[in-house]
Each structure stands twice: as C-alpha cells, then as structure tokens.
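Before any comments, here is the structure.
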Amino acid sequence: MTTNTADTTHEKQHGMSDAGYIRIAIILAAITGLEVSTYYVDFGVLFLPALLIMMVIKFVMVVSYFMHLKFDNKMFSFLFYAGLVLAVGVYAAFLATFKFFIQ
Amino acid sequence: MTDVIHGHASSTGISNVKLGMWAFLGSECLLFGGLISTYMLYRGRVTGGPRPSQIFDIPFTSVSSFVLLMSSLTMVLAVSAAHKDDDRKINLWLTVTALLGATFVGGQVYEFTAFYKEGLGFSTSLFGSSFYTLTGFHGVHVTVGIIMLMSLVGILKRSSVPGKKAEVVEMIGLYWHFVDIVWIIIFTLVYLIPV
C-alpha cells in the first residue's frame, strides 16, 4: 500500500513509472540496434539523415524522460537548451570559418 | 505539467541545487561542443597514421554504447527508488550503474590500448590527438561519475546525506545521464559516420 502510494507520488512528480522507464530503455536499445545496422547495410542517400535523426531522437528521449526535463520546470529546459544551442551555433560558425578560409 | 520543487528554493521558487546543476550541464555542452567540433574538423587528417576505418571496432564499441545506455536506465531506477525512499533499491541500482560505468571505462581503456598497438598514438596525427582528447575527456567524466556513485553508496550506508536524499541522488543522476547523451552523439559522429 505504502509502495503504491510512493509509486503514484513519483509518477505525479515525474510523469513516469518504473515500467515506463523500462519501455523507454527498450526503445533506445532498438534505435541503437538500427544505428549499428547502418554500418553493415547500405541505406544509400538515407544513410546520413537516418543516422542523425536517430541520434537526435535518442538524445531527446534521454533528456526528456530520464532527465525529466519534459515534466520539470521550463527554466531548466531554458538553461540546458540555451547552452546546447549556443554550442551548436558557435561551433557551426567555427567550422564554417575553417571551410571559408582554407585555400 | 508539474513543477517539482526540491531543496532550498531560489527567488524563482526553483531548487537552487537543481538550477545550478542544469546551468553546469548547459556549460558542459559548450565544452563537449568544442571537442566534438575539433574532432570533426581534424578526423580526416591522418598524416601517415591509421585511418579511423582501419582501427575502429564497431561491434565492440556498439556493445560498450549499449552498456552505457543501460546504465542510464539503472540510474533512473535509482532516482525513482530515492523518491520512494527505498534505501535497498537505491543502493542496488546505484551499484549496478557504477558497475556498468566501470565496464564502459574498462572497454575504453582496452580500445585505447588496441589503437596504440595499431600505431595510433596521441601525437601520431591530428585525428589521433582530437580523437583521444574527445573520448578521453568523456572517459574522465564517466570515471568522475563512478566515483560520485560509489561515494553516494558509501554515504547512504552511513545515512548522513546532507540535504534531501532524493535530490542528491537526482543530481548525480542528471550528471550521469548527461554523460550518456554526450556518448550518444560521439558514437554516431565519431564511430558510425565514415570519414
């Protein structure tokens, strides 16, 4: 009874039960299997986009569900994604600079 | 949508500890962003040393990646147990997480040794330098995470966790998951995308 109450409280706070976390992990494992398969199977022009999309899906799933960002205060999402967007923006510019100025 | 408030609240009504941890993780994005960009820039510069495709062992690294991914599951189960105040399960899942992390680091040490024997030293080429720096930094982060996990297990056994127990476990969990998401990116960009 106590455990059930604790389960419910945790689910209310974080929106997931232990079974839910296991389901997420199974999906992540399946996506990882698909990612690895791209190394052996020729996906043609879809290879790179498929790999990048799967990477982003795994990233978002871990951040949203395991790190509870989906259920937590928006301020945390802002702090984290601000750092991430800044990193991607700054380094995209950095890589582009090398591309433009290399002879 | 539920706003979870733990620990000492800041003027925003949010836990200071959690706010600090997310700000730290945001800054860590910049660190790894720099390391990953540098690798992407230099990965083709092999200058006589082995090329990535000649030395990478994809099946081995895939298993390592799977192990680290599953450690995120055991970590979130430890956080869940902490919210239920189930000390036995907290200790169990934290220990399993640390063991999975140690397996990953052991795999990385084996991989580095194998690469070195195949002729890829730290200063062999720009590819080698950027590869070892990126994956080495990640390995150090995992090692720090393992130390934190085992320290927490030791502290919990003495029941002297400062502040709210669930929040302490959750903060270490956030760090651990961050290390996992960084590896998700490294595994795809470094290992699976050919040069």
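Just so it is clear, none of the values below were taken in a lab; they were calculated from the coordinates. This one's a predicted model, so the numbers in the text were calculated from it and none came from an experiment. A quick note on method: Cβ atoms are made from the backbone with ideal geometry, for glycine too, and the neighbour counts reach across all protein chains shown.
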**OP:** Just add up the charged neighbours of A:Ala82: K/R +1, D/E -1, any other residue whose Cβ is under 14 Å from the Cβ of A:Ala82.
**Re:** 0
Subject >> Histogram of C-alpha separations across the stretch B:77-168, 10 Å bin width, % >> reply: 16, 36, 22, 16, 10, 0
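Would you mind classifying the stretch A:51-102 by shape? Square roots of the alpha carbon gyration tensor eigenvalues, ordered a ≥ b ≥ c; an a/c under 1.5 is rounded, otherwise it is prolate if a/b is larger than b/c and oblate if not.
On the way: a/c = 5.98, a/b = 1.89, b/c = 3.16.
Oblate, since a/c reaches 1.5 and b/c is not below a/b.
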Subject >> Spatial separation of Cα centroids for the stretch A:57-84 and the stretch B:30-92, in angstrom >> reply: 18 Å
Subject >> Among B:Val63, B:Val76, B:Val105, residue whose mean-square fluctuation peaks in a GNM of chain B (springs only between Cα atoms under 10 Å) >> reply: B:Val63
**OP:** May I ask you to list, by number, the DSSP H helices of chain B whose Cα span along the axis is at least 18 Å and whose average Kyte-Doolittle hydropathy reaches 0.5 or more?
**Re:** B:16-42, B:58-83, B:126-157, B:165-186
**OP:** Calculate, axis by axis, the spread of Cα positions in the protein assembly as shown along the three principal axes, and write the results as whole Å, longest axis first.
**Re:** 65, 36, 35
Subject >> CD proxy at 222 nm, helix term only [per DSSP H run n ≥ 4: -39500 (n - 2.57); per residue of chain B; nearest 500] >> reply: -25500 deg cm²/dmol
Original post:
Is the stretch B:1-147 best put as rounded, prolate or oblate by its Cα gyration tensor, with a ≥ b ≥ c the root eigenvalues, rounded for a/c under 1.5, and otherwise prolate when a/b is larger than b/c, oblate when not?
Top reply: oblate
Original post:
What are the residues whose amide H is under 5 Å from the amide H of B:Ser15, where those residues sit 5 or more places off or on another chain and H is modelled from the backbone?
Top reply: B:His6, B:Ser10
**OP:** Classify the stretch A:19-94 as rounded, prolate or oblate from the Cα gyration tensor: take a ≥ b ≥ c as the square roots of its eigenvalues, call it rounded if a/c is under 1.5, otherwise prolate when a/b beats b/c and oblate if not.
**Re:** oblate
Original post:
How many Lys pairs in chain B lie less than 22 angstrom apart by Cα atoms, where the lysines are 8 or more positions apart or on different chains?
Top reply: 10
Original post:
Which of B:Ser159, B:Ser125, B:Ser64 moves most in a GNM of chain B, Cα contacts under 10 Å?
Top reply: B:Ser159
